[in-house]
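**Student:** One structure, as structure tokens, below. Some questions next.
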Amino acid sequence: NAGVTQTPKFRVLKTGQSMTLLCAQDMNHEYMYWYRQDPGMGLRLIHYSVGEGTTAKGEVPDGYNVSRLKKQNFLLGLESAAPSQTSVYFCASSYQLAGGLYEQYFGPGTRLTVT
Amino acid sequence: GEDVEQSLFLSVREGDSSVINCTYTDSSSTYLYWYKQEPGAGLQLLTYIFSNMDMKQDQRLTVLLNKKDKHLSLRIADTQTGDSAIYFCAESRPDTGRRALTFGSGTRLQVQP
């Protein structure tokens with residue numbers, strides 16, 4: 001099992017450019033997540049999905065869109081990149097086990113710089 | 001509230017015990033988690049504890065939960081240089097309808113040989 005994979009690993013964008021980050025998982029997990037990690041701020045939830053064809057907003061959704069057309073893939077799009085979106089982006093997936101237990105498995109991250 | 005707070009930095013000597021602390025503000029948390037992040041990598045789940053438990057032990061790791069004070073700690077016995085990493089605590093709160101975790105800002109553990 002590859003677990004959770006992310007592409008690309010690194011990317012540099014100019015302000016206003018667009019891009020899509022791809023997350024794939026081979027664990028048949030229902031739930032998938034996109035987080036961003038900034039120094040001193042931990043991880044903040046951007047969007048998440050509880051199943052194929054569904055998405056929901058997290059804490060910091062503005063400037064991002066997502067799609068979950070296939071259960072194993074979760075795409076994060078930036079339509080018009082801004083320097084404030086310079087960050088490390090992590091994808092995660094999980095089952096929901098009993099009573100709100102989420103064992104999230106994380107990908108290795110994508111380091112994005114917007115100039 | 002949704003804040004999960006941790007101290008930023010902890011330095012210990014190899015072989016000593018490390019104690020990493022976390023406070024959370026919401027009493028409706030059901031599970032509390034500890035994750036480890038090594039440099040350049042994603043987060044790895046270390047352990048979790050259900051909110052009606054006081055303690056959980058897993059090899060060198062001991063998790064203590066004080067619900068009254070909303071305080072969570074992770075003790076690492078016989079700390080090794082390979083334990084140097086950032087440690088995040090997190091909580092899940094199904095009552096919010098958000099089926100995700102809320103993370104603290106992380107504690108960087110430095111282990112000196």
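All of the numbers you see were taken from the coordinates with simple rules; none came from a lab. As the structure is a prediction and not an experimental result, all values here were calculated from the model. Heads up, the Cβs are rebuilt from the backbone with ideal geometry, glycines too, and the neighbour counts pull from every protein chain shown.
**Student:** Have a look at A:M19, A:M41, A:M32 and tell me which one the Gaussian network model of chain A (Cα, springs below 10 Å) gives the largest fluctuation.
**Tutor:** Looking only at A:M19, A:M41, A:M32, the biggest GNM fluctuation is shown by A:M41.
**Student:** Another question, then. Looking at the protein assembly as shown, what % of the alpha carbon pairs are farther apart than 34 Å?
**Tutor:** 14 percent
**Student:** Moving on. Tell me, what is the Rg over Rh of segment A:48-115, with Rh the Kirkwood radius over Cα pairs?
**Tutor:** Taking Rh as the inverse mean 1/r over Cα pairs, Rg/Rh reads 0.99.
**Student:** Return the average number of partner chain Cβ atoms within 10 angstrom of each residue Cβ along peptide A:38-47.
**Tutor:** Whole-number average of other-chain Cβ neighbours for A:38-47 is 4.
**Student:** Under 8 Å for C-alpha pairs, at least 6 residues apart: give me the relative contact order for segment B:1-49, rounded to a whole percent.
**Tutor:** Dividing the mean separation by the residue count of segment B:1-49 yields 30 percent.
**Student:** Right, here's the next one. If the viscosity is 0.890 mPa s and the temperature 25 °C, what translational diffusion coefficient in µm²/s does Stokes-Einstein give for chain B when Rh comes from Kirkwood over Cα pairs?
**Tutor:** 173 µm²/s
**Student:** If you don't mind, another one. List B:F50, A:F106, A:F74 from most exposed to least, where exposure is judged by having the fewest other Cβ atoms within 10 Å.
**Tutor:** Ranking B:F50, A:F106, A:F74 by Cβ neighbours within 10 Å, fewest first, gives B:F50, A:F106, A:F74.
**Student:** Treating each Cα of segment B:39-93 as an identical point scatterer and ignoring solvent, apply the Debye formula and state log10 I(q)/I(0) at q = 0.13, 0.17 Å⁻¹.
**Tutor:** Debye curve over Cα of segment B:39-93, log10 I(q)/I(0) at q = 0.13, 0.17 Å⁻¹: -0.37, -0.62.
**Student:** What average number of partner chain Cβ atoms lie no more than 10 Å from the Cβ of the residues making up B:48-59?
**Tutor:** Across B:48-59, the average partner-chain Cβ count within 10 Å equals 1.
**Student:** Trypsin sites (Lys or Arg not before Pro) within segment A:24-115: which are DSSP loop residues with at most 13 other Cβ atoms inside 10 Å?
**Tutor:** Within segment A:24-115, the qualifying trypsin sites (Lys or Arg not before Pro) (loop, at most 13 other Cβ atoms within 10 Å) are A:K70.
**Student:** Let me ask something else. Report, in whole Å, the centroid distance computed from the Cα atoms of segment B:27-104 and segment A:16-94.
**Tutor:** Rounded to whole Å, the Cα centres lie 23 Å apart.
**Student:** Springs between alpha-carbon pairs under 10 angstrom, Gaussian network model over chain B: which of B:L72, B:L32, B:L45 fluctuates most?
**Tutor:** Maximum fluctuation in the GNM of chain B, among the listed residues, is at B:L45.
**Student:** Picking from A:V66, A:V12, A:V88, which is most flexible by a Gaussian network model of chain A using Cα springs under 10 Å?
**Tutor:** It is A:V12.
**Student:** Can I ask one more? Give the Cα extents of chain A along the principal axes, in whole Å, largest first.
**Tutor:** 43, 28, 24
**Student:** Now, a different point. With the cut-off at 29 Å, tell me which of the pairs A:K70/B:K67; B:K36/B:K70; A:K70/B:K70; A:K14/A:K57; A:K71/B:K56; B:K36/B:K68 have Cα atoms farther apart than that.
**Tutor:** Correct reply: A:K70/B:K67; A:K70/B:K70; A:K71/B:K56.
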